[in-house]
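First the structure, in the form of C-alpha cells, and then the observations on it.
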Amino acid sequence: MKDITNIDDLRALARRKVPRAFFDYADSGSYQEETLRANRADLQAIKLRQRVLVDVSERNLATTLVGQKTAAPFALAPIGLTGMQHGNGEILAAQADDEAGIPYTRSTMSNCSSEDVAQATRKPFWFQLYV
C-alpha cells in the first residue's frame, strides 16, 4: 500500500502487519460492542465544512481541562495494553502528548509502569483507575 488516505487504509495495513490477536484486540470493543458502534455512528454523522482561502495563522485551540492548561480541548484517552502494538507504546504516546501540549491518560492496563512514563516525560499525566 503506497498511500494511506483514510482509516480503512490504516486498518488494512495493520491487519497485514500486526499479529492477529493484537489486531483483533485493538480493532474491537468490549462485550457486544454496542458503545463502539454508537461512537462510530456518531462520528460518521459529523460533517466538516471545507473552507478555503481562510487565514488560520491566528487560530488558538488552547483551553483549560480540569484546571490544567492544554494546547487543545482534548486529551489522549487511556488505551489498554498499548505495549501489544509497540513495546514502549505508553511512553511514546505520553511523549507525543507532552510535545503537543495535551494531557496523557495512562491506562490501568498499561504495559509500562507509571514510574517509567513519568521518567520519560516532563509533566504529570492523568491515570485511569478502576476501583
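The values are calculated or read from the model by the stated rules, or taken from the named source; none is laboratory data. None of the values given here were measured: they were computed from a predicted structure. Because the Cβ atoms are built from the backbone with ideal geometry, glycine has one as well, and the counts that use them run over all protein chains shown. With ligands, DNA and RNA removed, areas are computed over all heavy atoms of the protein, side chains included. Shrake-Rupley method; radii C 1.70, N 1.55, O 1.52, S 1.80 Å.
What are the lysines whose alpha-carbon lies under 23 Å from the alpha-carbon of LYS17, with same-chain residues fewer than 8 places away excluded?
Counting by Cα, and skipping residues close in sequence, LYS17 has these lysines nearby: LYS2.
LYS69: which lysines have alpha carbons under 24 Å from its alpha carbon, excluding same-chain residues fewer than 8 sequence positions away?
The qualifying lysines are LYS123.
For the chain, which longest stretch is free of loop sites, where a loop site is one of the trypsin sites (Lys or Arg not before Pro) that DSSP puts outside H, G, I, E and B and that has at most 11 other Cβ atoms within 10 Å?
Longest run free of exposed loop sites: 60-121.
Of the GluC sites (Glu not before Pro) in segment 1-95, which ones lie in a loop per DSSP and count no more than 15 other C-beta atoms within 10 Å?
The qualifying sites are GLU33, GLU58.
Can you give me the orientation-averaged projected area of the convex hull built on the Cα atoms of segment 60-103, in nm²?
For the Cα atoms of segment 60-103, the hull's average projected area reads 3.2 nm².
Compute the accessible area per residue over segment 8-131, keeping the other protein chains in place, probe 1.4 Å, unit Å².
That works out to 77 Å² per residue.
Excluding the sites themselves, what is the longest stretch of the chain that contains no chymotrypsin sites (Phe, Trp or Tyr not before Pro) in a DSSP loop with at most 16 other C-beta atoms within 10 Å?
Counting at most 16 other Cβ atoms within 10 Å as exposed, the longest clean stretch of the chain is 75-129.
Sort largest first and round to whole Å: the equivalent ellipsoid semi-axes of the chain, each the square root of five times a Cα gyration tensor eigenvalue.
They are 25, 24, 16 Å, listed largest first.
With +1 on the Cβ of every Lys and Arg and -1 on the Cβ of every Asp and Glu, and nothing else charged, how large is the dipole of the chain about its Cα centre, in debye rounded to the nearest 20?
300
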